[in-house]
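Below is one structure, written out as structure tokens; the observations come after it.
The values are calculated or read from the model by the stated rules, or taken from the named source; none is laboratory data. Bear in mind the structure is a predicted one, so any value in this text is a computation, not a measurement. Every residue, glycine among them, receives a Cβ derived from its backbone with ideal geometry; neighbour counts consider all protein chains shown.
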Amino acid sequence: MREIVSAALSEEAVGADFAALPVPQSYRGAVVLRDESEMFQGMATADKEPTKSLSVREVPTPEPAPGEALIAVMASSINYNTVWTSLFEPMPTFGFLQRYARSNEPGAERHDQPYHVVGSDLAGIVLRTGPGVHRWKPGDRVVAHCLSVDLQSPDGHDDTMLDPEQRIWGFETNFGGLAELSLVKSNQLMPMPKHLTWEEAAASGLVNSTAYRQLVSRNGGQMKQGDVVLIWGAAGGLGSYATQLALNGGATPVCVVSGERKARLVRSLGAELVIDRAKEGYRFWKDESTPDPKEWKRLGSHIRELTGGEDSDIVFEHPGRETFAASVYVARRGGTVVTCASTSGFRHEYDNRYLWMSLKRIVGSHFANYREAWAANRLIGRGMIHPTLSTVYPLSDVGIATQAVHRNQHAGKVGVLGLAPAEGLGVQDEALRERHLAGINRFRSHRS
Ligand SMILES: NC(=O)c1ccc[n+]([C@@H]2O[C@H](COP(=O)([O-])OP(=O)(O)OC[C@H]3O[C@@H](n4cnc5c(N)ncnc54)[C@H](OP(=O)(O)O)[C@@H]3O)[C@@H](O)[C@H]2O)c1
């Protein structure tokens with residue numbers, strides 16, 4: 001592994017040098033263990049601790065199958081799917097791995113292991129490619145998006161997310177990115193933005209692509225200039241990219257956050273309309289099963305106050321049960337609620353009269369297809385959208401990093417170093433970086 005790191009840090013190493021490096025037989029990766037899937041049984045979600053379920057173990061290196069690539073991971077980031085995996089909620093991910101292993105894909109059986117190497121982002125260097133890969137070669141600096149897809153069925157040929165064998169790499173597949181090495185399908189790879197460090201480059205893939213489809217794409221909110229966009233969790237992983245995409249596309253984001261520090265962060269992105277849900281004390285449920293429509297109305301009035309009387313064309317939803325009914329209520333007549341998650345609970349309840357009588361739409365959105373992921377990465381590469389990296393941890397502290405996200409103590413994205421020995425390495429275009437330094441560092445003031 002030491003030779004890989006020296007080649008990665010050397011300015012002289014070329015593709016042939018990486019191709020000639022021996023591939024280690026094993027590597028360190030962040031894992032949950034099948035034997036421990038029941039460890040939190042009976043506990044409330046909030047009391048479960050990722051530091052107990054996630055550990056760093058040595059695991060055997062998989063050989064790339066046709067169409068795959070083995071990557072030396074320089075850095076990765078925490079996504080909420082790793083929080084779910086580490087809590088074994090809503091179910092242990094080992095079922096996904098077993099299902100994948102039963103598919104007809106060549107090499108799929110390797111994914112069913114008693115350990116699950118997690119993580120759905122990476123920035124790194126191609127070490128080896130499997131048969132049939134010609135676009136990428138050893139030595140290429142890459143980021144990976146997390147759409148693992150088979151494409152043998154015609155269902156996904158218009159929109160790769162619709163493939164029946166669509167999976168999220170590092171969540172529904174093994175050998176994920178929170179590790180020293182990782183196995184991906186080569187069509188997950190995209191060029192690493194040249195002006196970013198390894199950890200900055202690894203921050204955006206999953207959330208930026210998801211926010212792009214959810215908000216901008218014709219498969220999601222189809223945002224246009226002048227739209228009012230209500231963004232829940234605007235200083236979080238998804239929300240910090242949705243806010244930038246809204247501003248970049250000429251829309252007006254109304255950013256919901258909890259706390260003054262997060263309010264300052266989204267203002268620093270350029271958002272002018274901010275709701276501090278903690279300060280305002282919004283409670284959309286009187287108790288576990290009784291919604292409070294007065295609170296939906298209070299939120300609607302608050303949005304109108306901020307926008308000068310306008311309602312939201314698009315509501316960017318992901319908190320789920322706690323906020324969903326309010327989201328449906330505050331969307332404008334003919335507006336769209338576009339949802340990709342249910343952090344606070346997946347059994348939503350809302351008053352359907354406000355949906356049909358006002359001709360609103362609810363759109364389900366999940367990650368992004370190849371084109372959407374590529375388009376989202378292009379915006380990062382051109383310095384139009386910036387990573388919202390706040391804190392960076394070493395791989396050995398992956399449990400602590402995941403716990404910070406579970407406890408909502410973080411802002412933007414939390415990074416994790418893989419083989420990169422320190423932060424600040426990997427930049428190839430210093431001039432472009434210099435132009436965007438303030439944007440790149442915006443969330444660095446927030447420590448979880
Ligand atoms: N389908 C997909 O492809 C996809 C992709 C990415 C993420 N997701 C899912 O989306 C969700 C968010 O992911 P993320 O990366 O953005 O997580 P994150 O970094 O934790 O950000 C979520 C934000 O939501 C806000 N929030 C949390 N609970 C809330 C509640 N009960 N009411 C209102 N706001 C609440 C918090 O902001 P404040 O406390 O500041 O308000 C938090 O910062 C997760 O469930 C994740 O699994 C789905």
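Annotations for the structure displayed:
- Sole residue being surrounded by 13 or more Cβ atoms within 10 Å (Cβ to Cβ), basic (Lys, Arg) and not in a strand (DSSP E or B), chosen from Lys279, Lys297: Lys297
- Sole residue being within 26 Å of the chain's Cα centre (by Cα), surrounded by fewer than 21 Cβ atoms within 10 Å (Cβ to Cβ) and not aliphatic (A, V, I, L, M), chosen from Thr343, Thr323: Thr343
- Identity of the residue in region 75-94, part of a loop (DSSP other than H, G, I, E, B) and within 10 Å of the ligand (Cβ to nearest atom), that ends up nearest to Leu389 (Cα to Cα): Ile78
- Matching residues, region 299-326, being polar (S, T, N, Q) and more than 10 Å from the ligand (Cβ to nearest atom): Ser301, Thr307, Ser312
- Considering only residues in region 219-260 that are without any contact (Cβ under 8 Å) to a residue 60 or more places away in the chain and among the β-branched types (Val, Ile, Thr), the one that is nearest to the ligand (Cβ to nearest atom) turns out to be Val257.
- The listed residues are Ser204, Ser268, Ser289, and the only one of them that is within 14 Å of the ligand (Cβ to nearest atom) and of a type in the set (Ser, Thr, Tyr) turns out to be Ser204.
- Filtered residues of region 432-442 (kept if in a helix (DSSP H, G or I) and either without any contact (Cβ under 8 Å) to a residue 24 or more places away in the chain or in contact with a Phe, Trp or Tyr (Cβ under 9 Å, 6 or more places away or on another chain) (or both)): Glu434, Leu437, Ala438
- Test: residue in region 240-258 that is of a type outside the set (Ser, Thr, Tyr), farther than 24 Å from Gly308 by Cβ and outside the structural domain of Val405 (by TED's automatic domain parsing): no
- Glu105 more than 23 Å from Asp429 (Cβ to Cβ) and among the acidic types (Asp, Glu): yes
- Residues (in a helix (DSSP H, G or I) and either out of contact with any His (no Cβ under 9 Å at 6 or more places or on another chain) or among the β-branched types (Val, Ile, Thr) (or both)) located in region 209-239: Thr210, Ala211, Tyr212, Leu215, Val216
- Extreme residue, nearest to the ligand (Cβ to nearest atom), among residues of region 95-112 that are over 24 Å from the mean Cα position of the chain (by Cα) and polar (S, T, N, Q): Ser103
- The condition of being charged (D, E, K, R) and touching a Pro at 6+ places or on another chain (Cβ under 8 Å) holds for only one of Asp351, Asp311, that being Asp351.
- Only one entry of Ile314, Ile303 meets the criterion of being within 24 Å of Gly236 (Cβ to Cβ) and assigned to a strand (DSSP E or B), and that entry is Ile314.
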